[in-house]
Amino acid sequence: MTTLTSEFAVERVKKSRVAEVDFNNLEFGRHISDHMVVVDYENGQWGSPSIVPFGEMKFSPAMLSLHYGQAVFEGMKAFHTKDGSINIFRPHKHLDRFNKSLHRMCMPSVPEELWLSSLKRLIEIDKEWVPKTEGASLYIRPFMFATESRLGVKVSDTFKFVILTSPVGPYQAKPYRLKVENKYVRTAEGGTGFAKCAGNYGGAFYPTQIAREEGFDQILWTDSKEHKYIDEVGMMNVMFVLNGKLVTPQLSTAILDGITRDSILTLAKEMAGFSVEERKVSIDEIEQGFIKGTLTEAFGTGTAAVVAPISVIHINGTDYQIPSAGPTSFQLQVKQKLHNIRMGLEPDTHEWNYLVKV
Ligand code: COI
């Protein structure tokens with residue numbers, strides 16, 4: 001069923017909470033905007049979407065997502081551009097990934113019209129929540145979960161699709177000290193690593209907690225068979241500047257097809273002097289890069305952080321240090337370029353920006 005924009009039932013908040021937000025001091029995910037989109041799926045089709053005040057929902061404690069993890073999310077961002085529009089960054093690519101994740105989890109896909117009209121209407125209504133402060137943005141969290149109430153192990157017949165938004169500041173965490181994981185795995189080839197399903201994140205908590213107790217910030221995840229090849233860092237894709245080239249693990253069923261990853265690789269190919277290699281990257285090769293001095297940068301890429309610098313990788317008992325990224329580093333140049341495109345300061349030659357006039 002195609003859902004039309006005009007079918008939205010809208011119930012507005014009596015009083016907005018936006019005045020309570022300090023837009024100069026935004027902690028990730030702390031404030032949820034006034035409204036949310038809610039759409040139910042039953043009898044094999046999507047119902048009419050509604051936009052309602054953000055608040056508690058009523059559920060059966062027997063709903064299948066709570067027991068068997070049928071739950072998927074996305075993370076995307078919207079920005080204020082220099083001409084006063086609001087730009088949702090690459091919503092079609094995010095929908096494509098959302099639908100791939102949903103397919104892997106036996107959940108219904110979201111039609112493009114429902115996706116775009118939901119995002120557009122929600123942002124129009126909560127436009128005051130889109131930060132105007134430098135480097136800040138509106139984080140958009142679409143998600144879907146199984147709602148059928150039943151303890152039997154089965155694919156749910158009913159689902160709820162919800163979109164929340166939250167104003168977020170620029171990423172400011174200190175560069176990561178990484179532990180190379182050689183015991184636990186985030187996922188395995190053939191598993192759900194490429195999908196943004198809730199269980200991938202919950203399953204990473206315990207090894208990450210252990211790494212933190214050992215004095216690290218995050219984990220450098222390695223392949224499940226040999227712990228030899230690099231998959232991801234923390235909850236992000238990982239990139240290295242090695243021998244003057246941008247090198248990143250090639251996509252597989254164990255690696256998330258990051259939209260920031262794709263954007264950075266695309267821009268790197270256009271930036272003078274950068275060749276890009278998407279291939280298997282071994283821990284040995286990274287260690288050799290440190291020893292020979294050919295590894296000059298390492299960073300994570302993701303929607304939330306955009307670029308997260310790495311300062312130390314602990315390999316085979318040695319803390320290998322990476323010099324801090326200066327203004328001419330690849331990571332800061334590409335981050336700036338991405339920022340400029342999203343803010344309308346540089347031409348959007350790839351048509352990544354989806355402008356909402358407010
Ligand atoms: C991202 O930055 O892409 C993420 O998925 C992080 C999110 C889980 C907060």
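Each reported figure results from applying straightforward, stated rules to the coordinates on display, with no laboratory input. What you are looking at is a predicted structure, and each value in this text was computed from that prediction instead of being measured. In this analysis, Cβ positions are derived from the backbone assuming ideal geometry, glycine residues included, and neighbour counts consider all displayed protein chains.
Points to keep in mind about this one:
- Candidate cross-link partners of Lys228 among the lysines, defined by an alpha-carbon separation under 25 Å and a same-chain spacing of 8 or more, comprise Lys179, Lys183, Lys196, Lys245, Lys280, Lys292.
- Full-extension gain in nm, Glu11 to Met271, via 0.36 nm per residue minus C-alpha separation: 88.9 nm
- At R0 = 41 Å, FRET efficiency that the Cβ-Cβ distance of Glu113 and Gln321 yields, to 0.05: 0.20
- Residues Thr222, Thr349, sorted so that the one with the fewest Cβ neighbours within 10 Å comes first: Thr349, Thr222
- The label-point distance for Val18 and Phe290, in a model that sets each label 7 Å from Cα toward Cβ, rounds to 4.8 nm.
- Only lysine pairs 8 or more places apart or on separate chains count here, and in the stretch 8-135 those with Cα atoms under 21 Å apart total 13.
- Ranking of Met236, Met343 by count of other Cβ atoms within 10 Å, fewest first: Met343, Met236
- Surrounding net charge for Val10, when Lys and Arg each add one and Asp and Glu each subtract one, Cβ distance under 15 Å: 0
- Per-residue [θ]222 nm for the chain (sum of -39500 (n - 2.57) over DSSP H runs n ≥ 4, rounded to 500): -7500 deg cm²/dmol
- Fewest-first sequence of His350, His227 by Cβ atoms within 10 Å of each Cβ: His350, His227
- Rounded to whole Å, sorted largest first: equivalent-ellipsoid semi-axes of the chain, Cα gyration tensor: 35, 25, 18
- Pair Lys174, Glu134: separation of 7 Å Cα→Cβ label points (nm): 2.4
- Taking each residue as 0.36 nm, the span from Lys228 to Asp348 lengthens on full extension beyond its C-alpha to C-alpha distance by 39.4 nm.
- Folded to 0 to 90 degrees: helix 91-104 orientation relative to the chain principal axis, Cα: 90
- Charged neighbours of Lys58, selected by a Cβ distance under 13 Å, balance to -1 (K, R count +1; D, E count -1).
- Within-10-Å neighbourhood charge of Pro49 [Cβ basis; K, R +1; D, E -1]: -1
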